[in-house]
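Take a look at the structure below.
The values are calculated or read from the model by the stated rules, or taken from the named source; none is laboratory data. From a predicted model like this one, the values you see are computed outputs, not experimental measurements. Note: ideal-geometry Cβ built from the backbone for every residue, glycine included; neighbour counts use all protein chains shown.
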Amino acid sequence: MEKKTVFEVANFFLSKESMSPKKLQKLVYYAYAWTLAILNEDEINIDYTLFDEPLQAWVHGPVCPDLYYRYKCYGWGEIPQCTFIHKHLFSVEELDIMEQVWEVYGKFTGNELESITHQEEPWINAREGFQPYEPCQVNLDNKIIFRYYNKQSAD
């Protein structure tokens, strides 16, 4: 199966409704995180990622810089809803995970999702040594993401 990009994952969520760039970032992050935790066997052999673009621990939570720069022109406004045209790129498992992410997290605002991510180990760990409003470009660690969400699914 062809490798997906962060933009194709974002398109999936934007087909659900219009939303702020912040909300989109967090939904994309959760799709990445849960796919990582569910479709890999263990944290040592992480062979499977939803997309290759990095996720960084920015002030407002996990952010994919490429996605940020694509939609930054919307500021605090909403990105318009679009048609999901890349369904064929995703496996049944990936689509199921993204649908579940939408069902669980889609009801929250961008600010609420930011608050949730600020309480989770992957973002907290990557922000270690940084002040709350200090810029940070540290990538989130896939092993920590796997471990954290794998434990969440077991609880």
**Report entry** Pick from the stretch 12-39, criterion crowded, with 18+ Cβ neighbours inside 10 Å and among the polar types (S, T, N, Q), ranking: farthest from His118 (Cα to Cα)
**Finding:** Thr35
Report summary line: Of the residues in the stretch 64-101 that are more than 14 Å from Lys4 (Cβ to Cβ) and of a type in the set (Asp, Glu), the one that is surrounded by the most Cβ atoms within 10 Å (Cβ to Cβ) is Glu78
Report task. Would you be able to tell me the number of residues in the stretch 117-155 that are small (Gly, Ala, Ser) and surrounded by 12 or more Cβ atoms within 10 Å (Cβ to Cβ)? Result -> 1
Report task. Give just the number: which of (1) more than 22 Å from Pro21 (Cβ to Cβ); (2) in contact with a Ser or Thr (Cβ under 8 Å, 6 or more places away or on another chain); (3) among the acidic types (Asp, Glu) does Glu121 not satisfy? Result -> (2)
Report summary line: Among Glu114, Glu93, Glu78, the single one that is under 15 Å from the mean Cα position of the chain (by Cα) and either modelled with pLDDT under 95 or of a type in the set (Asp, Glu) (or both) is Glu114
Query - Test result for Ile97, part of a helix (DSSP H, G or I) and within 22 Å of Trp123 (Cα to Cα) - result: yes
